[in-house]
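So the structure is just underneath, and the comments pick up after that.
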There are 2 protein chains.
Amino acid sequence: MNDASAPTHDVYDVVGIGNAIVDVLTSVSDDFLHQENLLKGSMQLVDGHDAARLYNKLGQCVECSGGSAANTIAGLASLGAKVAFIGKIHNDQMGQVFAHDIRSTGVTFNTLPTTSGPSTARCLVLITPDAQRTMSTHLGASNSLTCDDIDTDLITRSKVTYLEGYLWDPDDAKEAFMLAMRTAHAAGRKVAMSLSDPFCVGRYRDEFLHLAEHQVDLLFANELEILSLYQVDHFEDAVKKVKGHCEVAILTRSEKGCVIVSGDDVITLSAHPAHPVVDTTGAGDLFAAGFLYGYTQDKSLRDCGIMGNLIASEIITHRGARPDINLKDFLEQNMPV
Amino acid sequence: MNDASAPTHDVYDVVGIGNAIVDVLTSVSDDFLHQENLLKGSMQLVDGHDAARLYNKLGQCVECSGGSAANTIAGLASLGAKVAFIGKIHNDQMGQVFAHDIRSTGVTFNTLPTTSGPSTARCLVLITPDAQRTMSTHLGASNSLTCDDIDTDLITRSKVTYLEGYLWDPDDAKEAFMLAMRTAHAAGRKVAMSLSDPFCVGRYRDEFLHLAEHQVDLLFANELEILSLYQVDHFEDAVKKVKGHCEVAILTRSEKGCVIVSGDDVITLSAHPAHPVVDTTGAGDLFAAGFLYGYTQDKSLRDCGIMGNLIASEIITHRGARPDINLKDFLEQNMPV
């Protein structure tokens, strides 16, 4: 190739930055959530001691790699996108599990593991009979992400840098988050962000409002998160607030589908039917994977939303937040023409 | 209570002794097994280096506690039996996962973990589209089981001591295995054993023949294992050989059900239908759980076999070799009256 521009094979579709977490999944009753004062559907941060205390009360578990942005990136890899992930593991067995799993899907993952301090992050995912998940996360080594871990060259070469709101919790990770956004924009790239969780929004509302207005090109939020962000009670009011505040906002509404707001345009899409609904863990993460896959393939926002709904419908039919099947095949077989 | 005999609550139904393993499950194609020279349905022992080499070639995995006798014991606990397990973990994250999971089902598990040497055993379970599993096991810390780990008091107080043939592989475990059998018989208790795997039988045929004739009261074997034990080509010939050689032999035949040989009696039972068949990992282990549950409840051998078939039918409808649901409820709802 004599072309002076960067060769195509060097360009990443998406680089994700987030907490590097191994999920610990188990079934619980609604009564158990009540006894433990856990709010269904939420994510709470816990220290190592509280994580161990809760774990000891749980029945048999299954371990599988998780992490919000990491799930999205693994989904994108399964769709055939060229992707990378930045997140901090400890060099322990669970860290090795996380690294194996994300690399095995074809994701570039080169963040240096910690060799001292807390162990790899884990998230206790409690699944109730209604397929809802309630999460208690011990961030562990994920807390150690700093600006030193941000591979600015990688970000410069990625069409989209995707960040999870959860990353706002660890102190140094916030700075790393900001560095990544500045780097992406300086290279003329797009920044996408997921609000992650209504409580996460509650903790950082002012900062997130500022980010949404000034630094995020694609904002992903579910209904509770966007209501919390704008402190309104009705979804329609949130849509009004979003208009003109975010460049593009992608609002997911579980079984009600999604609404995409771009300038004055509002695109409303039905959810793709899923049966059986076994575990909703990762629904938002995999919606983002489908959407971003379409986005990096220059599809219309409507088609991006359809892809997001489709991929979300796959992940909720089985346990865990990583795809069970090849999503590229799934998309080809199920995407309306 | 003024009764001079040992109080009932002190008696265990079954104590299992086996390798303490964390399973690493993933889907593979038939071609992959071929490329890796792996024989479908078999278990091969691998060293740490070969386990790592194979793991690096696998896609995304799920970790869950396994081990043949450990699965049986977890199944018995879920059925409501009073059970204990003896097996060797390392004091590492995977060992903690194993210990948590088996204890969480109500199993007494007090074997001292190793603090140096190899890590907790793991078994790479490769699931093909036909729901068959092919296993590569790195025994790791399981190899360290010795006579010191055999809680003879526990065995004396258990109606049945259940041993897996796989335990014959680690050098010192074989002695522990023999000590457990002697202890059980000295206390007037029963000894049950699973042949585990046709290759395992091939490695130790003469010793297993001797055990079957002289030291095992209940022998569990699947079709390939019993053919290998007696070096015959037809199941009917194996049944003839079994008669008068084993006290009670329980021969499982996958979708063909099971045959129980006791003295001159031969009881033939159909398999319980299972749908969908997702992963046959643990079918034999959970058959043994159902059978032994009936046995310790003084049910007829026929009813024990029916219970075995029923419990095996549950485990193959989902991934992993540990029960997903409360088996006591499942048995009550599905046992023919």
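We did not get these values from a lab; they are worked out from the coordinates using the rules stated. Values in this document were obtained by computation on a predicted structure and should not be read as measured data. For neighbour counting, all protein chains shown are included, and Cβ atoms are generated from backbone atoms with ideal geometry for every residue, glycine included.
Looking only at residues in region B:295-309 that are touching a Gly at 6+ places or on another chain (Cβ under 7 Å) and crowded, with 23+ Cβ neighbours inside 10 Å, which one is nearest to B:I260 (Cα to Cα)?
Out of the qualifying residues, it is B:C304.
I'd like to check something: does region A:64-71 contain any residue that is crowded, with 16+ Cβ neighbours inside 10 Å and without any contact (Cβ under 8 Å) to a residue 24 or more places away in the chain?
Scanning region A:64-71 turns up no residue that is crowded, with 16+ Cβ neighbours inside 10 Å and without any contact (Cβ under 8 Å) to a residue 24 or more places away in the chain.
Quickly run through region A:92-124 and pick out the residues that are small (G, A, S) and within 11 Å of another protein chain (Cβ to nearest Cβ).
Selection gives A:G95, A:A99, A:S104, A:G106, A:S119.
Output the residues belonging to region B:311-337 that are away from chain A (no Cβ under 14 Å) and more than 12 Å from B:A289 (Cβ to Cβ).
B:S313, B:I316, B:E332, B:Q333, B:N334, B:M335, B:P336, B:V337
Quick check on my filter: what residues within region B:75-91 are in contact with a helix residue (DSSP H, G or I) (Cβ under 6 Å, 6 or more places away or on another chain), within 14 Å of chain A (Cβ to nearest Cβ) and closer than 19 Å to B:A121 by Cα?
B:F85, B:I89, B:H90 - these are the residues of region B:75-91 that are in contact with a helix residue (DSSP H, G or I) (Cβ under 6 Å, 6 or more places away or on another chain), within 14 Å of chain A (Cβ to nearest Cβ) and closer than 19 Å to B:A121 by Cα.
Exactly one of these conditions fails for B:D279: (1) in a helix (DSSP H, G or I); (2) among the acidic types (D, E); (3) within 14 Å of chain A (Cβ to nearest Cβ). Give me its number.
(1)
Pick out, from region B:13-117, the helices (runs of 4 or more DSSP H) lying fully within it that include 2 or more residues that are within 19 Å of the chain's Cα centre (by Cα).
B:68-79, B:93-104
When the residues of region B:23-62 are filtered to those that are under 21 Å from A:M94 (Cα atoms) and among the polar types (S, T, N, Q), which remaining residue is nearest to the other protein chains (Cβ to nearest Cβ)?
Per the criteria, the residue is B:Q60.
Yes or no: region A:127-140 includes at least one residue that is within 14 Å of chain B (Cβ to nearest Cβ), surrounded by fewer than 24 Cβ atoms within 10 Å (Cβ to Cβ), on the phi < 0 side of the Ramachandran plot and within 21 Å of the chain's Cα centre (by Cα).
yes
Hey, does region A:187-200 have a residue that's among the aromatic types (F, W, Y), assigned to a helix (DSSP H, G or I) and crowded, with 24+ Cβ neighbours inside 10 Å?
no
Hey, can you tell me all the residues within region A:67-98 that are within 16 Å of A:T114 (Cα to Cα) and of a type in the set (S, T, N, Q)?
A:N91, A:Q93, A:Q96
Identify the residue in region A:73-124 that is of a type in the set (V, I, T) and more than 24 Å from A:C147 (Cβ to Cβ) and, among all such residues, is surrounded by the fewest Cβ atoms within 10 Å (Cβ to Cβ). Show your work before the answer.
Of all residues in region A:73-124, those of a type in the set (V, I, T) come to A:73, A:83, A:86, A:89, A:97, A:102, A:105, A:107-108, A:111, A:114-115, A:120.
Restricting the remaining residues to those that are more than 24 Å from A:C147 (Cβ to Cβ) gives A:97, A:105.
Values: A:V97: 23, A:T105: 21.
Within region A:73-124, the match that is surrounded by the fewest Cβ atoms within 10 Å (Cβ to Cβ) is A:T105.
When you scan region A:143-182, how many residues do you find that are touching a strand residue (DSSP E or B) at 6+ places or on another chain (Cβ under 6 Å), part of a helix (DSSP H, G or I) and of a type in the set (V, I, T)?
Looking only at that region, the number is 1.
Just one of the numbered conditions (1) surrounded by fewer than 24 Cβ atoms within 10 Å (Cβ to Cβ); (2) over 26 Å from B:M178 (Cβ atoms) is not true of B:G282; which one?
Every condition holds for B:G282 apart from (1).
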